[in-house]
Amino acid sequence: MRGEQWNIYWNEYSADTYLYGSEIIYHKKDDVEFKNLRMPPGTVIKKWYSKTNYQFHKIEPALPMIDGESRYQLTVNIRTLPGESCLVRLVFFDRYEAEAGSIVVRDREGVFQCPLKTYSYSMELINGGVSRFHFHSIVIQEITDETE
């Protein structure tokens, strides 16, 4: 069974976006075109956070709060050229902002569970050998047991 679902979109806040040589066109909230022919693989293209300092960044958190007791499905809605791909890395932090673990989703879908001591986390869109793509959304959906 599926529980609550959250859609994460590409916001226009550019401090957490790889801009060097990038061409970004915002067609709609769920359709952002990205092109960079010289970006090396492994580069973080975009980053989202579950906890932010609003006074400093002037943005609200883009990621939902999740817990270490549930499992979640991550669905990446990105249209790339054949043979090109993006990776998604989730980095989990404890209450002292020390890294508590991480996972990498290499496919369009993946299931994960964060460490129990997770207090916040970030999500990174990473270049896996892509030069251009259309970003639609990344969906995080809670997986619930049928016994609940």
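No value in this document is a laboratory result; all are computed from the given coordinates. If you're wondering where the values come from, they're calculated on a predicted model, not measured in any experiment. Glycine also receives a Cβ, built like all others from the backbone with ideal geometry; neighbour counts cover every protein chain displayed.
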With charges set only on the Cβ (+1 for Lys and Arg, -1 for Asp and Glu), what does the dipole of the chain come to about its Cα centre, in debye to the nearest 20? 600 debye
Number of Lys-Lys pairs in the chain under 26 Å by Cα, sequence gap 8 or more or different chains? 15
Tell me, in nm to one decimal, what length is gained between Glu60 and Arg89 on full extension, where the rule is 0.36 nm per residue of separation less the Cα-Cα distance? 8.4 nm
Among Tyr49, Trp10, Thr144, the residue whose Cα sits farthest towards the positive end of the charge dipole of the chain (+1 at Cβ of Lys and Arg, -1 at Cβ of Asp and Glu, taken about the Cα centre) is Trp10
Could you tell me how far the Cα centroid of region 83-109 sits from the Cα centroid of region 9-37, in Å? 20 Å
Projected onto the charge dipole of the chain (+1 at Lys/Arg Cβ, -1 at Asp/Glu Cβ, origin at the Cα centre), which of Leu74, Val104, Asn127 gives the Cα projection farthest towards the positive end? Asn127
For the chain, built as a Gaussian network whose Cα springs stay under 10 Å, the top-fluctuating residue of Pro64, Pro115, Pro82: Pro82
What distance in nm separates the simple spin-label points at Val44 and Arg71, each placed 7 Å from Cα in the Cβ direction? 2.9 nm
